[in-house]
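Written below as structure tokens is the structure these notes are about.
The values are calculated or read from the model by the stated rules, or taken from the named source; none is laboratory data. Small disclaimer: the values here were computed from a predicted structure and weren't measured. Glycine gets a Cβ as well: all are built from the backbone with ideal geometry, and neighbour counts include every protein chain shown.
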């Protein structure tokens, strides 16, 4: 067997390798695991431990290979478990795609990715399969691999801007992501932005008149953006602004407490949608969606309003030459940020959007008061759980003996993703029994999950947003890191303005030390929870009318710059 000695007792050797890894001797664990895998190459569990040891020993390439082997062997076992035909999976690409689609719909994204990789390796020509494979990689946090796949899709299909936008989104999560995204967004605009003659706008330049404000998004009352957009729309001063909404469909979008004009544009071409918006004589048109699926950025590319602004759900540049402003809170800008945007970065004080918590949000006491065990938690998309984040979280768990980490997201229902995540922590000396994985839930079960968390841990350099606000709305304090880029700072105001500036840290060392410090006792965690409850209630993003006045002022100032321009 490749010249390596066969272990005399595989079980004892695996136990010894785990013990070495937990004690910080990754090199010793790696030597044992190499011998174990050579002796029993078909066992995926051994491959995972080999990957952990290789990661801990700084052997990244070996770790990647071991993880790929582990995923493949594990996927075969899982697919056999629900009656799938593994032999057919390796020979019939159509069957592999069908199995993958079923797995993907069940949130088993890593297992689906293995099935799709087999179909693609067998020469399956369907771009949709390649696209879904990219999504599988992205959802696992394999951002560089996902970007390569999305680039292949983009280069194979230049007929639609949407395919290219998934490449843009994947670049949020790669190394040097904001710079790479900025360059790719400009390339997207070069390829797809409207280049025809401009249509003259007929907006009145009368000073001080009521402004006509338009918002563009697939929906305003569904998806997570509703908690930010709905309170703003409802709080606008109708003496100062007239509000127009341009969703995909009108159904469900017309029931508003104050007057709103709703014009569905989902069935319209970009040209026709642009003509409709121009006819409405919108003064300030606000893109709520960025390059996310369902956007209508090409309409903005046709210059349909004197002032065009991107806001809220994307944070980064659209790349469009006809997008005038990108609106951010003044806590976000960093040196060099302006050069990354084709838009002018317009800042507003403290926060850039209101937030309305779910009506069923419920505050509960710090769970460690009853259990005696400290529970850290993250409800963030696994795509945001960077290697730096894992290393910091592992140091926190080691520094707070007996504590655990709850990782909750729908994709953790995938056994492979959960096991890979555990392997990443094991590389830092944290055993799987310190980790709790939980999938999607709603209603009472979702509320109960927040009641299990003493301290929420934010990710970096890709921070949480809605997840942090949802935690704070239930009294769960959130620990954040002030990163080096504007994007990594997008969530700082959420924590700071909830009266918790001491939970905004300046380095990973500070982040780890703060988590260990505040989790010293259940009483201290409860005191922090009490502060979070009071701070969230008084946060400026809870002042819906105040945020609306601030936004209206920004819109008027933007419009005034256009109005007086020759």
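Sort through 239, 249, 234, 253 and tell me the only one that's in a helix (DSSP H, G or I) and touching a residue at least 12 places away in the same chain (Cβ under 8 Å). So that I can check it myself, show each step before the final result.
On the way: 239 fails: in a helix (DSSP H, G or I); 249 fails: in a helix (DSSP H, G or I); 253 fails: in a helix (DSSP H, G or I).
Step by step, each of 239, 249, 234, 253 is checked, and only 234 is in a helix (DSSP H, G or I) and touching a residue at least 12 places away in the same chain (Cβ under 8 Å).
Given the options 349, 333, name the one that is modelled with pLDDT under 95, touching a strand residue (DSSP E or B) at 6+ places or on another chain (Cβ under 9 Å), outside the structural domain of residue 534 (by TED's automatic domain parsing) and surrounded by fewer than 17 Cβ atoms within 10 Å (Cβ to Cβ).
Values: 349 fails: modelled with pLDDT under 95.
Just one listed residue meets the conditions, 333.
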Of the conditions (1) buried (at least 18 other Cβ atoms within 10 Å of the Cβ); (2) not in a helix (DSSP H, G or I), residue 436 clears all except one; give me its number.
(1)
Determine whether residue 369 is more than 15 Å from residue 486 (Cβ to Cβ), surrounded by fewer than 16 Cβ atoms within 10 Å (Cβ to Cβ) and over 20 Å from the mean Cα position of the chain (by Cα).
yes
Can you tell me which condition residue 447 does not meet? The list is (1) assigned to a helix (DSSP H, G or I); (2) under 22 Å from residue 45 (Cα atoms); (3) in contact (Cβ under 8 Å) with a residue 60 or more places away in the chain; (4) more than 20 Å from the chain's Cα centre (by Cα), and all the others hold.
(2)
Residues to consider are 275, 326; find the one that is in a strand (DSSP E or B), within 21 Å of residue 219 (Cα to Cα) and either assigned by TED's automatic domain parsing to the domain that holds residue 234 or under 22 Å from the mean Cα position of the chain (by Cα) (or both).
326
Can you name the residue in region 140-166 that is free of Cβ contacts under 8 Å to residues at least 12 places away in the same chain and part of a helix (DSSP H, G or I) and is also nearest to the chain's Cα centre (by Cα) among such residues?
145
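Inspect all residues belonging to region 387-400 and state whether any of them is assigned to a strand (DSSP E or B) and either within 18 Å of residue 24 (Cα to Cα) or modelled with pLDDT of 95 or more (or both). It would help to see each step written out before you state the result.
Residues of region 387-400 that are assigned to a strand (DSSP E or B), as a first pass: none.
Checked region 387-400: no residue is assigned to a strand (DSSP E or B) and either within 18 Å of residue 24 (Cα to Cα) or modelled with pLDDT of 95 or more (or both).
Look at region 422-431 and say how many of its residues are surrounded by 21 or more Cβ atoms within 10 Å (Cβ to Cβ) and either in contact with a strand residue (DSSP E or B) (Cβ under 7 Å, 6 or more places away or on another chain) or at pLDDT below 95 (or both). Break it down stepwise before answering.
Looking only at region 422-431, we keep the residues that are surrounded by 21 or more Cβ atoms within 10 Å (Cβ to Cβ), and these are 423-428, 430.
Right, trim to either in contact with a strand residue (DSSP E or B) (Cβ under 7 Å, 6 or more places away or on another chain) or at pLDDT below 95 (or both) and you get 425.
So the answer is 1.
When you check residue 161 against the structure, is it surrounded by fewer than 22 Cβ atoms within 10 Å (Cβ to Cβ), over 22 Å from residue 489 (Cα atoms) and either in contact with a helix residue (DSSP H, G or I) (Cβ under 6 Å, 6 or more places away or on another chain) or in the same structural domain as residue 420 (by TED's automatic domain parsing) (or both), yes or no? Working first, answer last.
Working: surrounded by fewer than 22 Cβ atoms within 10 Å (Cβ to Cβ): yes; over 22 Å from residue 489 (Cα atoms): yes; either in contact with a helix residue (DSSP H, G or I) (Cβ under 6 Å, 6 or more places away or on another chain) or in the same structural domain as residue 420 (by TED's automatic domain parsing) (or both): yes.
For residue 161, the condition - surrounded by fewer than 22 Cβ atoms within 10 Å (Cβ to Cβ), over 22 Å from residue 489 (Cα atoms) and either in contact with a helix residue (DSSP H, G or I) (Cβ under 6 Å, 6 or more places away or on another chain) or in the same structural domain as residue 420 (by TED's automatic domain parsing) (or both) - is met.
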When you scan region 192-214, do you find a residue that is modelled with pLDDT of 95 or more, closer than 14 Å to residue 274 by Cα and outside any loop (DSSP other than H, G, I, E, B), even just one?
yes
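Checking the structure you have, find out if any residue of region 195-212 is surrounded by 23 or more Cβ atoms within 10 Å (Cβ to Cβ) and touching a helix residue (DSSP H, G or I) at 6+ places or on another chain (Cβ under 9 Å). Before the answer, list the steps.
Residues of region 195-212 that are surrounded by 23 or more Cβ atoms within 10 Å (Cβ to Cβ), as a first pass: none.
No - not one qualifying residue is present in region 195-212.
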Looking at (1) within 29 Å of residue 146 (Cβ to Cβ); (2) not assigned by TED's automatic domain parsing to the domain that holds residue 435, find the lone condition where residue 383 falls short.
(2)
Subset of region 107-139 (residues that are modelled with pLDDT of 90 or more and outside any helix (DSSP H, G or I)):
107, 108
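Quick grid of which residues meet (1) over 29 Å from residue 380 (Cβ atoms); (2) touching a helix residue (DSSP H, G or I) at 6+ places or on another chain (Cβ under 6 Å); (3) assigned by TED's automatic domain parsing to the domain that holds residue 381:
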{"residue": "233", "(1), (2), (3)": "no, no, no"}
{"residue": "238", "(1), (2), (3)": "yes, no, no"}
{"residue": "245", "(1), (2), (3)": "yes, no, no"}
{"residue": "261", "(1), (2), (3)": "yes, no, no"}
{"residue": "267", "(1), (2), (3)": "yes, no, no"}
{"residue": "270", "(1), (2), (3)": "yes, yes, no"}
{"residue": "279", "(1), (2), (3)": "yes, no, no"}
{"residue": "282", "(1), (2), (3)": "yes, no, no"}
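Among the residues of region 479-491, write down those that are touching a strand residue (DSSP E or B) at 6+ places or on another chain (Cβ under 7 Å) and either over 15 Å from residue 508 (Cα atoms) or not assigned by TED's automatic domain parsing to the domain that holds residue 390 (or both). It would help to see each step written out before you state the result.
Here is the first cut: in region 479-491, the ones touching a strand residue (DSSP E or B) at 6+ places or on another chain (Cβ under 7 Å) are 479-482, 491.
The one that is touching a strand residue (DSSP E or B) at 6+ places or on another chain (Cβ under 7 Å) and either over 15 Å from residue 508 (Cα atoms) or not assigned by TED's automatic domain parsing to the domain that holds residue 390 (or both): 491.
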Only one of 554, 456, 493 is within 30 Å of residue 180 (Cα to Cα) and in a strand (DSSP E or B). Can you tell me which?
456
With respect to residue 326, is the statement that it is without any contact (Cβ under 8 Å) to a residue 24 or more places away in the chain, in contact with a strand residue (DSSP E or B) (Cβ under 9 Å, 6 or more places away or on another chain), over 25 Å from residue 442 (Cα atoms) and crowded, with 22+ Cβ neighbours inside 10 Å true?
yes
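Tell me, please, whether a residue that is farther than 25 Å from residue 440 by Cα, more than 19 Å from the chain's Cα centre (by Cα) and surrounded by fewer than 17 Cβ atoms within 10 Å (Cβ to Cβ) can be found in region 96-119. So that I can check it myself, show each step before the final result.
In the first step, residues of region 96-119 are kept if they are farther than 25 Å from residue 440 by Cα; the result is 96, 117-119.
Next, from what is left, pick out any that are more than 19 Å from the chain's Cα centre (by Cα): 96, 117-119.
Adding the requirement that they be surrounded by fewer than 17 Cβ atoms within 10 Å (Cβ to Cβ) leaves none.
Within region 96-119, not a single residue is farther than 25 Å from residue 440 by Cα, more than 19 Å from the chain's Cα centre (by Cα) and surrounded by fewer than 17 Cβ atoms within 10 Å (Cβ to Cβ).
Which members of region 278-312 meet the condition of being under 17 Å from residue 193 (Cβ atoms) and part of a helix (DSSP H, G or I)? Let's see the steps before the verdict.
Initially, region 278-312 is screened for residues under 17 Å from residue 193 (Cβ atoms), giving 285, 287, 289-291, 295-305, 308-310.
If the condition is that a residue be under 17 Å from residue 193 (Cβ atoms) and part of a helix (DSSP H, G or I), then 297, 298, 299, 300 are the ones that fit.
If the requirement is being buried (at least 17 other Cβ atoms within 10 Å of the Cβ), in a helix (DSSP H, G or I) and outside the structural domain of residue 467 (by TED's automatic domain parsing), which of these qualifies: 220, 169?
Numbers: 220 fails: in a helix (DSSP H, G or I).
The match here is 169.
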